[in-house]
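Just below is one structure, and these are the notes that go with it.
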Amino acid sequence: MVHFRRIVGHRAGPILLLGRLMLAWLFVHEGLTLAGSLDAALGAMAKLGVAAPLALAVITLQIAAGTALAFGLGTRFAAAALGLFCVATAVLFHIKFGTRNELLHFQKDLAIAGGMVVLAACGAGTWSIDGIVASRRLAGNKARLPSVSDCTADLAEQE
């Protein structure tokens, strides 16, 4: 296990980038798909009881926060917002647990929210705009501060 921690610790930047890109793709793709057929999307959401202004806000959130995750810009905030969105989606739209597909969507939304919670807690990592900004701020500081861009410092303490 110590060897695995060492491997992951040295590659946290690219690993977090890969995770961010996979999570971001879900939201950016869905947001752009909805925006591309806006009338149909607004109609479908209206049938679910979602008003047009809220539907537009959701589409905007998916595109903007998904893009922010991909670039690692304001990652903690974007991940928290998308995590809350996933929990809300699960609780409001996927509660018919007697239907297997609904249960799977509920679980999927909660799992994605869990990934967003981890990303909000750990940050974007060094391979991100957030990481670049943090490293530049720390470079000017004479005191050596612990890494603020990822959770790899916690791994060293566990050994």
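The values are calculated or read from the model by the stated rules, or taken from the named source; none is laboratory data. What you see is a predicted model, and the numbers here were worked out from it, not measured in a lab. Ideal geometry is used to build each Cβ from the backbone, glycine not excepted, and the neighbour counts take in all protein chains shown.
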Task: From LEU104, LEU73, residue being modelled with pLDDT of 95 or more, surrounded by fewer than 17 Cβ atoms within 10 Å (Cβ to Cβ), within 19 Å of ILE15 (Cα to Cα) and among the aliphatic types (A, V, I, L, M) - done: LEU73
- [ ] Determine which member of the set ALA80, ALA55, ALA41, ALA111 is surrounded by fewer than 16 Cβ atoms within 10 Å (Cβ to Cβ) and in a helix (DSSP H, G or I).
- [x] ALA111
- [ ] Go over the candidates ILE15, ILE7 one by one and state the one that is within 17 Å of ALA124 (Cα to Cα) and either modelled with pLDDT under 90 or of a type outside the set (Phe, Trp, Tyr) (or both).
- [x] ILE15
Open item on the list: Show the residue pairs meeting these rules: Cβ distance below 9 Å; 6+ apart or different chains; first residue within segment 68-93 and within 16 Å of LEU16 (Cβ to Cβ); second residue among the aromatic types (Phe, Trp, Tyr).
Closed with: ALA68/PHE77; LEU69/PHE27; ALA70/TRP25; GLY72/TRP127; LEU82/PHE27
